[in-house]
Amino acid sequence: MAEADNGAKEPLIELKDIYKIYQMGEESVYANDGITLTICRGEFVAIVGKSGSGKSTLMNIIGALDVPTSGEYFLGGEDVSDMEDDELAEIRNKMIGFIFQQYNLLPKLNLLENVELPLLYAGFPTAERKERALASLERVGLKEKWKNIPSQLSGGQQQRVSIARALAGNPSLILADEPTGALDSKTSREVLNFLKKLNEEGNTIVMITHDSSIALEARRVVRIYDGKINFDGDVNEYAAVL
């Protein structure tokens, strides 16, 4: 099976022989079963798999939300494999922008305050937080609505706010977990087009999805099945095997 053409780009994500094993009574469950994967800066990769395939476990490891049972994970050259919780939190704040299916916006905060949150945790001073947050809202076309609260927006607009929040800290990696899962088809198309635009601007995007039609919007597809990678290739190759 041909691998995606990464050219001579610099690796951003390097997973080497990753295992995540859970003990269920006397049984060992291999959620990730020897995964080796490299994603380079500037790629747009979809990780696709059915429920229970191990894709969410892999997302948690890539997102520094969890650590593997064994194996190595380097993010931007830093070994994340066995970091403590506070070190993982620092990596998340510094290097990763998250986009969630349910937006995860705080209902009582206005849009500016929601976008500022990761910058607050990362220790940016007040003036810089506001400047970055407004610039980020402008990128998604919502700067003029900065005083609004989330309930005053449509689902698509709320997802764009969550994209703005992900972008505000200028992260090395944008990690999108089922970013269109709560949206209708028209709004899903708008969000996917926006992710493509961000990738064209040089952002590295890893999108987690159970939906192969959504995965086809990426440039490269990695399919997880029973905790293992059973496909890794460019999107045209993936379309041909569906």
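The values are calculated or read from the model by the stated rules, or taken from the named source; none is laboratory data. For clarity, every value in this text was computed on a predicted model and none was experimentally measured. Because the Cβ atoms are built from the backbone with ideal geometry, glycine has one as well, and the counts that use them run over all protein chains shown. Note: areas computed on protein heavy atoms with side chains; ligands, DNA, RNA excluded. Shrake-Rupley method; radii C 1.70, N 1.55, O 1.52, S 1.80 Å.
Label points 7 Å out from Cα along the Cβ direction at residue 30 and residue 84: separation in nm?
Rounded to a tenth, the inter-label distance reads 3.3 nm.
Ignoring ligands, DNA and RNA, how do 86, 33 rank by accessible area with a 1.4 Å probe, largest first?
On the way: 86 110, 33 35 Å².
My answer, sorted largest first, is 86, 33.
With the chain treated as a Gaussian network of Cα nodes joined by springs under 10 Å, which of 115, 140, 206 yields the largest mean-square fluctuation?
The residue that fluctuates most here is 140.
Is the shape of the range 1-141 rounded, prolate or oblate, going by the alpha carbon gyration tensor and its root eigenvalues a ≥ b ≥ c, with a/c under 1.5 for rounded and a/b larger than b/c for prolate? Walk me through the numbers before you get to the answer.
Numbers: a/c = 1.96, a/b = 1.59, b/c = 1.23.
Because a/c hits 1.5 or more and a/b exceeds b/c, the range 1-141 counts as prolate.
If you consider only alpha-carbon coordinates, what radius of gyration and Dmax does the chain have, in Å?
17.8, 57
Restricted to Cα positions, what overall size does the range 33-84 have along the principal axes? Three whole-Å values, descending.
29, 28, 18
Normalise the Cα radius of gyration of the range 98-242 by 2.2 N^0.38 Å (N = residues in it) and let me know the number. Before the final figure, lay out each step's value.
Values: Rg = 16.1 Å, N = 145, 2.2 N^0.38 = 14.6 Å.
That works out to 1.10 for the range 98-242.
Compute the relative contact order of the chain as a whole-number percentage, counting only Cα pairs closer than 8 Å that sit 6 or more residues apart in sequence. Don't jump to the answer; show the numbers that get you there.
Numbers: 485 pairs, mean separation 68.7, N = 242.
Contact order relative to length: 28 percent.
If DNA, RNA and ligands are ignored and the probe is 1.4 Å, what is the ranking of 103, 225, 73 by accessible area, most exposed first?
Numbers: 103 25, 225 135, 73 0 Å².
Sorted descending by solvent-accessible area, the residues read 225, 103, 73.
Could you tell me which trypsin sites (Lys or Arg not before Pro) in the range 32-120 are loop residues by DSSP with no more than 15 other beta carbons within 10 angstrom of their beta carbon? Don't jump to the answer; show the numbers that get you there.
Values: sites: 41, 50, 55, 92, 94, 108; in loops: 41, 50, 108.
Here the sparse-neighbourhood loop sites are 50, 108.
Quick one: among 203, 230, 93, which has the greatest mean-square fluctuation in a GNM of the chain with alpha-carbon springs under 10 angstrom?
Between 203, 230, 93, it is 230 that shows the largest mean-square fluctuation.
Residue 85 accessible area, nearest 10 Å², 1.4 Å probe?
For residue 85, the solvent-accessible surface is approximately 120 Å².
With every protein chain kept in place and ligands, DNA and RNA left out, what is the accessible area per residue of the range 34-117? Probe 1.4 Å, answer in Å².
Here the residues of the range 34-117 average 42 Å² of exposed surface.
Kindly report, to the nearest 10 Å², the accessible surface of residue 145 as traced by a 1.4 Å probe over protein heavy atoms only.
Counting only protein heavy atoms, the figure is 60 Å².
In what sequence, largest accessible area first, do 121, 238, 30 appear using a 1.4 Å probe? Numbers along the way, then the final one.
Details: 121 150, 238 0, 30 105 Å².
The ordering from most to least exposed comes out as 121, 30, 238.
Sequence neighbours fewer than 8 away in the same chain don't count; with that in mind, list the aspartates and glutamates whose C-alpha is under 17 Å from residue 197.
Here the aspartates and glutamates satisfying the reach criterion relative to residue 197 are 43, 138, 217.
From the gyration tensor of the Cα coordinates in the range 151-212, what semi-axes in whole Å does the equivalent ellipsoid have, largest first, with each one equal to sqrt(5λ)? Before the final figure, lay out the partial values.
Values: eigenvalues 66, 43, 21 Å².
Whole-Å semi-axes of the equivalent ellipsoid: 18, 15, 10.
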